[in-house]
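What follows is one structure encoded as structure tokens, with my remarks underneath.
The values are calculated or read from the model by the stated rules, or taken from the named source; none is laboratory data. These numbers come from a predicted model, not from an experiment. Counting neighbours? That spans all protein chains shown, and the Cβs are built from the backbone with ideal geometry, glycine included. Quick note on the areas: whole protein, heavy atoms, side chains included, nothing else; ligands and nucleic acids left out. Shrake-Rupley method; radii C 1.70, N 1.55, O 1.52, S 1.80 Å.
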Amino acid sequence: MRVAVYPGSFDPVTNGHIDILEKTSKIFDRIVIAVVHNVTKNALFSLDERVELIRESTKHLNNIEVECFSGLLTDYIREKKACAIIRGLRTMTDFEYEMHMSMMNKRLMPEVDTIFIMSDSNYIFVSSSGVKEAAMLGGDVSTLVPAAVKKGLQEKLKQFKQK
Ligand code: PNS
């Protein structure tokens, strides 16, 4: 069985992530989405909320699992017996960050490669941080995120307004 891990912050999952999942779910038998607590990023959604939003948004795909994870990615890859790491690529700015990360992971675990999937041109500009900022300022992000995420963002905005 060919298992791949798709790690990321997913705060929140966007249509760009879903596009990558739709493409890779045809290539691998099982994909484990590893939702990571990234200490360098200020999260809007809790880890549990992010997991739930991904589960809601990937119901149409039958070979996806979603979990939280902390620690070293390569340890998690070993635990899951995965043969690949999935990452999406949008622009040259992504490339440098992704190249360093994939080389570090390759050094730590030479038998596993990172598979990069180019984002669909519709989503090249879509980032979780951009979506959060636009949504929290009242912008319409309905073409950029799954319906469940749109609802989650609206709830967060309502909570902020009540404070
Ligand atoms: O969506 P993000 O925040 O760009 O994802 C980054 C992520 C979570 C893939 C990366 O930070 C990661 O792999 N973290 C786990 C810690 C680790 O293994 N670091 C060493 C490899 S660079």
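Tell me which residues, restricted to region 103-116, are of a type outside the set (D, E, K, R) and either touching a residue at least 40 places away in the same chain (Cβ under 8 Å) or more than 8 Å from the ligand (Cβ to nearest atom) (or both).
Once the filter is applied, which keeps residues that are of a type outside the set (D, E, K, R) and either touching a residue at least 40 places away in the same chain (Cβ under 8 Å) or more than 8 Å from the ligand (Cβ to nearest atom) (or both), region 103-116 yields 103, 109, 110, 112, 114, 115, 116.
If the requirement is being of a type in the set (D, E, K, R) and touching a Cys at 6+ places or on another chain (Cβ under 9 Å), which of these qualifies: 50, 55?
50
Starting from residues that are in a loop (DSSP other than H, G, I, E, B), in contact with a Ser or Thr (Cβ under 8 Å, 6 or more places away or on another chain) and of a type in the set (A, V, I, L, M), keep the ones in region 36-61 and report whichever is surrounded by the most Cβ atoms within 10 Å (Cβ to Cβ).
43
Counting only residues that are assigned to a helix (DSSP H, G or I) and either aliphatic (A, V, I, L, M) or in contact with a Phe, Trp or Tyr (Cβ under 6 Å, 6 or more places away or on another chain) (or both), which one in region 135-163 is most open to solvent (accessible area, probe 1.4 Å)?
147
Here is a check on your reading of the model: is residue 9 within 13 Å of the ligand (Cβ to nearest atom), in contact with a Lys or Arg (Cβ under 8 Å, 6 or more places away or on another chain) and open to solvent by 20 Å² or more (accessible area, probe 1.4 Å)?
It is true that residue 9 is within 13 Å of the ligand (Cβ to nearest atom), in contact with a Lys or Arg (Cβ under 8 Å, 6 or more places away or on another chain) and open to solvent by 20 Å² or more (accessible area, probe 1.4 Å).
Of the conditions (1) open to solvent by 30 Å² or more (accessible area, probe 1.4 Å); (2) assigned to a helix (DSSP H, G or I); (3) closer than 25 Å to residue 144 by Cα, residue 75 fails just one. Which one is it?
Residue 75 satisfies all of (1) open to solvent by 30 Å² or more (accessible area, probe 1.4 Å); (2) assigned to a helix (DSSP H, G or I); (3) closer than 25 Å to residue 144 by Cα except (3).
Could you list, in sequence order, all residues of region 79-102 that are more than 9 Å from the ligand (Cβ to nearest atom), open to solvent by 100 Å² or more (accessible area, probe 1.4 Å) and either farther than 22 Å from residue 30 by Cβ or among the hydroxyl-bearing types (Ser, Thr, Tyr) (or both)?
92, 93, 96
Determine if region 13-35 includes at least one residue that is open to solvent by 40 Å² or more (accessible area, probe 1.4 Å), at positive phi, at pLDDT 95 or above and more than 11 Å from the ligand (Cβ to nearest atom).
Among the residues of region 13-35, not one is open to solvent by 40 Å² or more (accessible area, probe 1.4 Å), at positive phi, at pLDDT 95 or above and more than 11 Å from the ligand (Cβ to nearest atom), which makes the answer no.
Of all residues in region 115-129, which are out of contact with any Pro (no Cβ under 9 Å at 6 or more places or on another chain), in a helix (DSSP H, G or I) and surrounded by 12 or more Cβ atoms within 10 Å (Cβ to Cβ)?
122, 123, 129, listed by residue number.
Does any residue in region 1-12 that is farther than 19 Å from residue 52 by Cβ come within less than 7 Å, Cβ to Cβ, of a residue that is open to solvent by 10 Å² or more (accessible area, probe 1.4 Å) and among the acidic types (Asp, Glu) six or more places away or on a different chain, and which pairs are these?
1/29; 2/29; 3/29
For the structure I just gave you, tell me whether residue 132 is assigned to a helix (DSSP H, G or I), crowded, with 16+ Cβ neighbours inside 10 Å and within 16 Å of the ligand (Cβ to nearest atom).
yes
On the given criteria, is residue 22 free of Cβ contacts under 8 Å to residues at least 40 places away in the same chain and within 12 Å of the chain's Cα centre (by Cα)?
no
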